[in-house]
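Some notes on the structure that comes next.
The values are calculated or read from the model by the stated rules, or taken from the named source; none is laboratory data. Note that the structure is a prediction, hence the values are computed from the model and not measured. Methodologically, a virtual Cβ is constructed for each residue, glycine included, from the backbone with ideal geometry; neighbour enumeration extends over all protein chains shown. We work out accessible area using only protein heavy atoms, side chains counted, and drop any ligands, DNA or RNA first. Shrake-Rupley method; radii C 1.70, N 1.55, O 1.52, S 1.80 Å.
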Amino acid sequence: MTQSTPATGKAPAGTGQEASVPVPAAAGGGPISHAIFRLARLHRMLAGQLLRRIGLHPGQELVMMHLWELGAQRQTDLVRLMDSDAATMTRTVQRLEQAGFVRRRPSPTDKRASLIEPTAASHALRREVEQSWSQLEDLVTAGLTAEERTAALHTLERLEQNLVQTAADPTGADAER
């Protein structure tokens with residue numbers, strides 16, 4: 001991925017690559033945040049293209065991965081697992097249900113709750129989801145050595161930890177300013 005300078009929209013000297021989107025001057029104080037935004041947008045777009053071929057939208061495959069791995073789950077548990085909100089999860093489950101990939105059944109332990117479980121049709125889809133994710137990984141990491149992949153994953157994990165800590169204690173972010 002390239003990083004551009006606010007003034008020119010070009011990558012830093014020596015990289016020989018043009019930035020996909022110039023960094024606006026207003027984002028000059030956050031070049032890493034801007035790069036994460038661009039990367040996430042492109043990643044989601046490519047994921048969407050790959051998943052659309054198998055009848056899914058980005059995010060739905062993650063719900064299915066949890067269901068395949070853990071079995072039937074309450075919707076509230078899926079919200080927690082996915083760090084989602086209830087409304088988004090409701091829409092996601094409804095769409096997966098309409099597509100025939102999940103079904104609801106009453107919870108045997110809680111009369112008020114229902115369990116979301118993967119269908120046989122979704123199990124047939126699992127291999128295609130795994131292949132799509134492998135293809136996406138290959139696209140994202142093309143040209144990187146094994147060491148560069150490991151370093152990139154470590155850096156992304158550190159960035160995520162920083163944000164998780166800030167989200168857990170939002171007052172801490174203001175104290176550092």
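Descriptive notes on the structure:
- If the condition is being over 14 Å from Pro118 (Cβ atoms) and polar (S, T, N, Q), then segment 76-101 contributes Thr76, Ser84, Thr88, Thr90, Gln94, Gln98.
- Odd one out for Val129, checked against (1) out of contact with any Asp or Glu (no Cβ under 6 Å at 6 or more places or on another chain); (2) of a type in the set (A, V, I, L, M, F, W, C); (3) within 17 Å of Leu51 (Cα to Cα); (4) surrounded by 12 or more Cβ atoms within 10 Å (Cβ to Cβ): (1)
- Evaluation of Asp77 against (1) farther than 25 Å from Gln135 by Cβ; (2) open to solvent by 80 Å² or more (accessible area, probe 1.4 Å); (3) among the charged types (D, E, K, R) (one fails), failing number: (2)
- Segment 16-30 - residue that is modelled with pLDDT under 90 and open to solvent by less than 70 Å² (accessible area, probe 1.4 Å) and, of those, nearest to the chain's Cα centre (by Cα): Val21
- Looking only at segment 132-155, and only at residues there that are in contact (Cβ under 8 Å) with a residue 60 or more places away in the chain and open to solvent by less than 70 Å² (accessible area, probe 1.4 Å), the one that is nearest to Thr90 (Cα to Cα): Ser132
- Ala121 falls short on exactly one of the conditions (1) out of contact with any Gly (no Cβ under 7 Å at 6 or more places or on another chain); (2) farther than 30 Å from Arg38 by Cα; (3) open to solvent by less than 90 Å² (accessible area, probe 1.4 Å); (4) of a type outside the set (Ser, Thr, Tyr), and that condition is (1).
- Residue satisfying all of: in segment 91-103; surrounded by fewer than 14 Cβ atoms within 10 Å (Cβ to Cβ) and part of a helix (DSSP H, G or I); nearest to the chain's Cα centre (by Cα) among these: Arg91
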